[in-house]
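**Q** Got a structure for you, questions after.
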Amino acid sequence: GGTGIVTIGAIIGMAAHLEGKGVGVIDMAGLAQKGGAVYSHIRIADDAADIHAIRVAAGNADLVLAGDIVVAGNRKVLNAGRKDGTRVVVNTAEFMPGDFTRNADYTLPRERLRRALIAAAGGDHVRFVDASRLATALLGNSIGANMFMLGYAYQSGALPLSVEAIERAITLNGEAVGMNLDAFRYGRRAVVDPQAVEALVR
């Protein structure tokens, strides 16, 4: 069976490898067991020798791909990019942070987070997409949101990889291959024809 969950880092790493590129991936998952966010740092280069450090320093990210808007608005994530130079793709899904358990009146500052992201990267470089809702409606499972986001980022021109390599990597991964390929393709379609994707949902 399996869970169907495929990490973006695993697919990008395999796709880069299939294209003969150098790649480095590290997952910063120290607080994941306690409900904290997982931050993945990914570097791709034409030659592995060009990758001297995997961790992406402040102001050096070419792409920020955020699985939920709360994590995207974290100071660490906001500092990763540079204005008018970093593409940002954010899933507008909201996952309650630990503050919710300590404060019954806690509400997510969605609009403040949106403004902070636009200010950090420049409005033309930020894309908000409700990937969790769309993946659930189209595929019957929100687990497809990761691959939907990857497809969205690819179609936005933010990944230096070919569609063939990415789809081959999804296939080789072997986890819910049909669903994850569909999710990736729906994410691509949502960039070029969002109305058609919404029509499918309806």
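**Q** Averaged over every viewing direction, what's the projected area of the C-alpha convex hull for region 117-192? Give it in nm², one decimal, please.
**A** Directional mean of the projected Cα hull area for region 117-192 stands at 5.3 nm².
**Q** What residues have an amide H closer than 5 Å to that of residue 40, excluding those fewer than 5 places away on the same chain, when H is modeled at 1.01 Å from N in the peptide plane?
**A** Distant-sequence amide H within range of residue 40: 28.
**Q** Could you state the principal axis extents of the C-alpha atoms in region 35-93, from the largest down, to the nearest angstrom?
**A** Answer, in whole Å and largest first: 37, 29, 17 Å.
**Q** Also: Tell me, what % of the accessible area of the chain is carbon and sulfur with a 1.4 angstrom probe?
**A** 49
**Q** So, one more: Apply the Karplus parameterisation 6.51 cos²θ - 1.76 cosθ + 1.60, with θ equal to phi minus 60°, to every residue of region 164-170 and state each ³J(HN,Hα) to the nearest whole Hz, in sequence, with x for glycine and proline.
**A** 4, 5, 5, 5, 5, 5, 4
**Q** Does anything in region 119-148 have its amide N under 16 Å from the 7 Å Cα→Cβ label point of residue 27, and if so which residues?
**A** 143-147
**Q** Please give the FRET efficiency for residue 62 paired with residue 202, using the beta carbon to beta carbon distance and R0 = 41 Å, rounded to the nearest 0.05.
**A** The computed FRET efficiency comes out at 0.70.
**Q** Then there is this: Grab the other residues whose beta carbon is less than 10 angstrom from that of residue 62, score K and R as +1, D and E as -1, and report the net.
**A** +3
**Q** Now for a different question. Ignoring ligands, DNA and RNA, what accessible area per residue does region 156-202 give at 1.4 Å, in Å²?
**A** The answer is 50 Å² per residue.
**Q** Using a cut-off of 10 Å between beta-carbons, work out the net charge of the residues near residue 162 (Lys and Arg +1, Asp and Glu -1, residue 162 not included).
**A** Residues close to residue 162 contribute a combined charge of -2.
**Q** Have a look at 62, 182, 27 and tell me which one the Gaussian network model of the chain (Cα, springs below 10 Å) gives the largest fluctuation.
**A** 27
**Q** If the viscosity is 0.692 mPa s and the temperature 37 °C, what translational diffusion coefficient in µm²/s does Stokes-Einstein give for the chain when Rh comes from Kirkwood over Cα pairs?
**A** For the chosen part, D equals 188 µm²/s.
**Q** A further question follows. Show the residues, 5+ positions off or on another chain, whose built amide H is closer than 5 Å to the amide H of residue 93.
**A** 69, 131, 132
**Q** Please list the non-local residues whose amide H lies under 5 Å from the amide H of residue 63, H modeled 1.01 Å from N, same-chain partners needing a gap of 5 or more.
**A** Answer set, sorted by chain and number: 87.
**Q** Right, here's the next one. For region 141-148, just list the computed ³J(HN,Hα) in residue order, Karplus coefficients 6.51, -1.76 and 1.60, θ = phi - 60°, integers in Hz, with x standing in for Gly and Pro.
**A** 7, 6, 4, x, 4, 4, 6, 4
**Q** Can you tell me, using C-alpha contacts under 8 Å and at least 6 residues apart, the relative contact order of the chain as a whole percent?
**A** In percent, rounded to a whole number, it is 22.
The values are calculated or read from the model by the stated rules, or taken from the named source; none is laboratory data. Keep in mind it's a predicted model, so treat the numbers as computed, not measured. Backbone-built Cβ (ideal geometry, glycine too); neighbour counts: all protein chains shown. Side chains are part of the model used for accessible areas, which takes the heavy atoms of the whole protein and leaves out ligands, DNA and RNA. Shrake-Rupley method; radii C 1.70, N 1.55, O 1.52, S 1.80 Å.
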